[in-house]
Amino acid sequence: MKAKIYGAIGLAKKTRVDLPEVFETPYRPDLIRRAVLAVQSTKRQPKGTKYQAGWIVASSWGTGRGAARTPRTHGRRTHHSQRGALVNYTVGGRVAHPPRAEKKIVENINKKERRLAIRSAIAATSRKDLVIGRGHRADSFELLPIIFEDAIHDKIVKTKDAVELLTKTGLISDITRAEDGKKIRAGKGKGRGRKYRNPVGPLFVVDRKSNFCNAVKNLPGVDVVHVKYLNAEMLAPGTHAGRLTVWMEKALKEINDIYPSQVKKTTATN
C-alpha cells in the first residue's frame, strides 16, 4: 500500500511512500467496538449512597391504633414529631435500590485484543469507503491516509497558516463540515454540561509537540494526539472506524515499531 506526502506549501510530492505493515491488518469492527467501549467506561464517574443515608431512630406503633404500621420518629405526639421515617416511601427515608459504590463500572478487554483493535482501526484509516461512510469529506483524495512532511512542524506556527495549508490540501472542507454540523442536543443533556453536539473532524497523529499542533487544535472538530498515546476511541469515535487521519512523516515510521506486524514469517525447511 502506498500514500502521498504533502509538503508545507500544500502540494503532494511526486514520490509515494510505502505504508507500514500495520495498515494491512484485517478489518475487525467487533473488536474495535469492544475496545472503544472499554475506553469510554473509564470516563464514568463512580457514584453511590452513604452507608447510613436516611437512617434515623424510628419504630412502628403496631396494630390497633387505626394508623399505618409505618415506622415513626420518637417524641411527643405532635404534628412534626412521630412522623413517618426510615422506610423508602417516607420523606427523608432510605432509598429503595440506591446506586452501589462497589459496582464495577469499568469494562476490561484483553491486552492482545485491545492491540489488535487499535491495529485494525489504524488500517481502517486507509480505506476510502470507510472514511466516506463515516461522513468525512474525502472524495478529493486519491490515496488515504494523508501524510505531512516533518518540515511542517517548524514552518506552520499560526492558525491562519494552518488554515491556508489545509485549504490547499483539501482538508478544510471536512473541518467546515464539523463546524457547520454543530447542533443543540435533545433532552436533559442540555442542562448537564453538554448542550451542543459537535461532529468529529480530522485526527492529526504527531511525533512531538510543536506550534503546528497548537495551531491545528484551534480548528473545530480537530484532535491532535501523540503516536504513543493512540487508542481505539480516537481512531474510531462512536465505535465507527474510518476516521479521516493525518499522519506526520516520523509518526508513521514509529507506528510500525509500536504495533509490529503479527504475521509470522515461515522459512523453508529441508
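What follows is calculated from the coordinates using simple rules that are stated; it is not laboratory data. Nothing here was measured: the structure is a model prediction, and the numbers come from that model. Positions of Cβ are backbone-derived with ideal geometry, glycine not excepted, and every protein chain shown enters the neighbour counts.
In segment 154-202, the qualifying residues are those that are of a type in the set (S, T, N, Q) and surrounded by fewer than 18 Cβ atoms within 10 Å (Cβ to Cβ), and the one that is nearest to residue 216 (Cα to Cα) is 159. Based on what the data block shows, is residue 46 buried (at least 16 other Cβ atoms within 10 Å of the Cβ) and either over 40 Å from the mean Cα position of the chain (by Cα) or in contact (Cβ under 8 Å) with a residue 24 or more places away in the chain (or both)? Here the answer is no, as residue 46 does not meet what is asked.
Cβ separations smaller than 9 Å between residues 6+ apart or across chains give the following pairs from segment 168-184 residues that are within 18 Å of residue 133 (Cβ to Cβ) to residues that are surrounded by fewer than 20 Cβ atoms within 10 Å (Cβ to Cβ) and of a type in the set (Lys, Arg): 181/197.
Residues of segment 142-179 that are under 21 Å from the mean Cα position of the chain (by Cα) and acidic (Asp, Glu): 174, 179. Being crowded, with 16+ Cβ neighbours inside 10 Å, in contact with a helix residue (DSSP H, G or I) (Cβ under 7 Å, 6 or more places away or on another chain) and either over 22 Å from residue 176 (Cα atoms) or free of Cβ contacts under 8 Å to residues at least 24 places away in the same chain (or both) is the filter here, so list the residues in segment 240-257 that pass it. Across segment 240-257, the qualifying residues are 251, 254, 255. If you go through segment 71-108 and keep only what is within 49 Å of the chain's Cα centre (by Cα) and among the β-branched types (Val, Ile, Thr), you end up with 87, 90, 91, 95, 105, 106. Do we have residue 103 as exposed (fewer than 14 other Cβ atoms within 10 Å of the Cβ), under 17 Å from residue 50 (Cα atoms) and either in contact with a Cys (Cβ under 7 Å, 6 or more places away or on another chain) or charged (D, E, K, R) (or both) here? The answer is yes for residue 103. Which of the residues belonging to segment 4-34 are surrounded by fewer than 18 Cβ atoms within 10 Å (Cβ to Cβ), among the hydroxyl-bearing types (Ser, Thr, Tyr) and part of a strand (DSSP E or B)? Residue satisfying the conditions is 15 alone. Here 225, 206, 216 are screened, and the one residue that is β-branched (Val, Ile, Thr) and closer than 19 Å to residue 120 by Cβ is 225. Among the residues of segment 160-179, are any part of a loop (DSSP other than H, G, I, E, B), on the phi < 0 side of the Ramachandran plot and in contact with a Ser or Thr (Cβ under 6 Å, 6 or more places away or on another chain)? Looking for residues that are part of a loop (DSSP other than H, G, I, E, B), on the phi < 0 side of the Ramachandran plot and in contact with a Ser or Thr (Cβ under 6 Å, 6 or more places away or on another chain), one finds none in segment 160-179, hence no. Screening residue 72 with (1) in contact with a Phe, Trp or Tyr (Cβ under 7 Å, 6 or more places away or on another chain); (2) under 26 Å from residue 261 (Cβ atoms) gives one miss only, at (2).
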